[in-house]
Structures are given as structure tokens and as C-alpha cells.
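Notes follow the structure.
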Amino acid sequence: MARVPRKTPSAPGPASTAAPVGAGASGDGEIRVRMYRHGLGDCFVVSLIQPPRDPFHIMIDCGVILGTPGAKDRLAAVLDDIVKLTGGKVDVLVVTHEHYDHVSGFVLCDEKFAAAGKPEAGKLSVDKVWFAWTEKPDDALAGQLRDQRQKRKEALSGLVNRLHGMGAAAQEGASDIVQALRFFGVDATGTDSGGADGRAAAGGATQQAMAFAKLLSADVTFWEPGQSWNSDSAPGIKVYMLGPPRDTTALHKTDSTAEVYHLDAGFLEAAVNLAGDTGGDGGRPYTPFGKGYGKPLSDIVAGKPGGPVGQFINEHYLGPGSASPETDVSWRRIDDAWLGSAEQLALALDSATNNTSLALAIELTGSGKVLLFPADAQVGNWLSWQALQWKDGDRTVTTADLLARTRFYKVGHHGSHNATLKMKGLELMPASGLVAFIPVDEAMAKVKRWMEMPLPHLLDALHEHCGDAVIRIDKELGAAIPGLSSGGTGGPFGSLYHEWVQAL
């Protein structure tokens, strides 16, 4: 891999009394946000239009959930439209975090991107690539987090492979594990799901996607919370980096069950051992009884070795057909009960990765309006923003200030229950005049067993702030709302995108 130059972004300044917003007006122009309607996944383009300057384009993520029908074709249509919109170049590509529904376009449609520094007709070239600090190659904490994630992916992937040979009950018990692994581009059999030709990195297709995105430009930045970016090439905007936090406690705080991310090492080791067990004498050292006292359940189910112990277990624990007076005693069995811990680990792995999201606030420096893009940030990421401050001339910008000036909100994690804070999130945003875009496909969410995505109570709260301006991938625009429109063809829901346009 070519050397990646490190930028030195601006750091937060000391606290002071905030000055009125509005200095540094950028003149005439507009901001456009395009949300692509390609399925359950994120792909946005933010375009700063300031004639006679060339438009400045920020692309945020490019992916759709694993298992989406015709995913490659859907993403290809999106990328073709982005090439048309941008003239074949995005100024900044933001890759928020390592989940398939945010990055799969970089493996499924890698041929749609031009090599770094080599523009090519019909392909998308990238000037700058932005990641969170959690993806920085030489950062010790980032490396530790990636190693932990990889170990858990490997353990759970191997476990799924093993469970597929253990019958229908075990496979059903593994369903939550399978769904969590799909966020990393690992399919239901525990194998990788890479590009159209099957290529994928050992840790899942998402690893390959992240590596590919890093090679799209020689100008790669790994952002820290509390930093900001502005440039003469885009004088109408300033970007504030909100998260992810460097506090590991905050990174692991996702909801009331998030702390299972620290599931004890004994289970992890047992899962790895089970995944690799061949049935030999050296296998399964974590069984509760010594070798001389244990009997493999598979032998008993198969009718061997028999004897009083085998007869007792058959009569009282093995379900229908037993000699017990009860017709079905399968409720007594505990051989699949341990899967509950495995499912918790899988869900925590998913949530903890969401919490590594690069969360951004884009300020329109003329009007002071803010566009909020939290990616899939969950509770700990959101809470960590509260103490951030940025010195900007004679004013101090705080997160509460940014939220109060938010006019566009990209709803976190497809409208799930723990990715939009209440008192320290939505309730700090304007009580009216807010536009919310939700990248959700509710029908696909139900296929994935996310039965309340988007969460009804969250939708109610959004409508209180936004009125009819709660815009979803899977719904056409309702009432005519100034600044909102749809366009393009080739999307699974009709138009290819919804777009919001606002004067600077």
C-alpha cells in the first residue's frame, strides 16, 4: 500500500462566550443533499453549489445490506448517477465505519472507481478520503479495537460453520449470530461474501472494502473528535468532527445490553474451540467434567454407548418418543442454551462497530444552518459529543449549539431505537423547520428480523419536529414540500433518489 500522508486538522480551542453566528457569509449559492433509494443502506452526496466556482461534492458511504436482491446492479445505478452528478469526481469521500450496508459498493462495484490520481471517463475519482481515527493504521488503540473485532468475527464465523452441521435447532439458535456477521460481509454459512467474483478478505468483505477505499486517493485523513475542517475550495461550509470517542467505555455503550461486548474470554475461547473441534481426544478442553466422566451428546442421541446413563437420558431428556410419561421432554435440554451468550456477543459486536462511526456536522457558514450526519453512532458516541468545543475566531462552537442550528438530520442507523438520543439529541434540535432523511427499507428490515426499524416512537418524535418532512428511502414523497424533490431512474422504489436543496 502506498504511504498515506497524515493531515494535521484543527483542534478544539478553549471555551469562551459564543458570538452570533453568521460571520463569513459565502455569498449566493445552495447546498444539495441527495439520498439514494437503493435499499437498506447508506449513500449520500452533499453538493455545495457556488457559481462561478466548480461544485464541491462530499460523498458519504456507499453500501446496501447483505442479501439485498440485485445489490450489484442497484449500487451500479447509484454510482453511475454520482458520476453524472459530479462530472466523475467527488472532492471528499467519507467512509464512516466498517459495516456492509455502508461500504459494500467498494467491493461489489470496485470497477466503477478510478485509480488514485488517474481519472477515467465513466468512472468516479476521489480527491480526498476521510475515515475515523479508529481506522488509522499506526494508532495503538485503533489497532487494539480492530484486533478485538477480528477475533470475535473469526470466532463467530467458525461457530456458525460448526452449527450448520448440528441440526435445525442449532441453526435456528444461530440466527442472530448470522445476521450480525452479515454486517461484515459474512454470509449465513460463515463464509465471506465478496465482490461479484467472490473475492473477499479473510475477515469478511468489509475489510476488503475499507482497504480498497483507502487506496482511492493519496490524500487520506483519519479524524479525531473535536477537530474541524474548512478549505478555500469550499468556502461556504465548515465540517465539525463529533465522534467516535477515544473513551473505550463510551465506545462500548450502545444501549442497556451493550456491556456484553466484554463477554468473558472463556466463552470466546470455547467458541473458537467448538468451531475447530474434530472430535478427537484433544478437543473441547472447556467441558465441565473430566474426560472419564463425560459422554458426547451425539453418541447418546445415536443410541451409543447405551447402558443405564444412556437409557436415563433417552427417557428423560431427548424429547418425543421417550419412555417417560411425558410426550415431549425436550424442554429439559440445555445443550443449545449457551447460544444465548453467543447471540449477545454477536449483537454487541454489531453495536460496538456502529459506535466507531465517524459522525459529522456540516455548518453553512453564511446562514449558520447545520447538516447532521451521525452515520450509525449509538448512545456512547452521541453522549461523548456533549463536552466538545471548537474555537472559531471570537466565538466558541459547542455540540449543543450545532444541534440547535440543525436543519437537516440524517437519522442514525436507519431509525433504530438507540441511534438518536432524546434529551441530548433530537430535543435539542429545532421544534420546527427540521428535515429528516431516513435510509431505511422497512420490508428488508423485517426480513432481517429488525421488527421496529424504523422505531414507531422515533418516527412520532421526528414528525413533531419535521411535520411531513420525514423522508424515507422506501417511501415516495408525500405532500409537496419546498426544497424537496425526487429524481433519477433505476431504483427499486421508483425514483433513484430523494433530494433536499437549501439556500446557503
Review point. By how many nm would the segment from residue 118 to residue 140 lengthen if fully extended, with 0.36 nm per residue of separation less the alpha-carbon distance?
Key: 4.6 nm
Study note, to complete from the structure: Once both label points are put 7 Å beyond Cα along the C-beta direction, the residue 485-residue 73 separation in nm becomes 2.8 nm
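Taking every DSSP beta bridge with both residues inside the range 376-499, roughly what % is antiparallel (nearest 5)?
Values: 8 of 14 bridges.
Once the DSSP bridges in the range 376-499 are tallied, antiparallel ones form about 55 percent.
Among 457, 465, which comes first, then next, by fewest other beta-carbon atoms within 10 Å?
Going from least to most buried by this count: 457, 465.
List, in the order given, every pair from 128/369; 136/369; 72/369 whose Cα-Cα distance in the structure shown is over 28 Å.
Working: 128/369 24 Å; 136/369 31 Å; 72/369 36 Å.
Checking Cα-Cα distances, 136/369; 72/369 exceed 28 Å.
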Practice item. With a Förster radius of 45 Å, plug the Cβ-Cβ distance of residue 246 and residue 312 into 1/(1 + (r/R0)^6) and report the FRET value to the nearest 0.05. Key: 0.20
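Figure the gain on full extension for residue 400 and residue 451 (residue separation times 0.36 nm, minus the Cα-Cα span) and round it to one decimal in nm.
Values: separation 51, 0.36 × 51 = 18.36 nm, distance 3.18 nm.
Extra length from residue 400 to residue 451 when fully extended: 15.2 nm.
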Exercise for review: Would you calculate the separation in nanometres between label points at residue 477 and residue 432, each defined as 7 Å from the Cα along the Cα-to-beta-carbon direction?
Suggested key: 2.1 nm
Exercise for review: Taking the Cβ of each residue in 91, 394 as the centre, tally the other Cβ atoms inside 10 Å and list the residues starting with the fewest.
Suggested key: 394, 91
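Coordinate-derived values only; no laboratory data. This one's a predicted model, so the numbers in the text were calculated from it and none came from an experiment. Cβ: placed from backbone, ideal geometry, glycine included. Neighbour counts: every protein chain shown.
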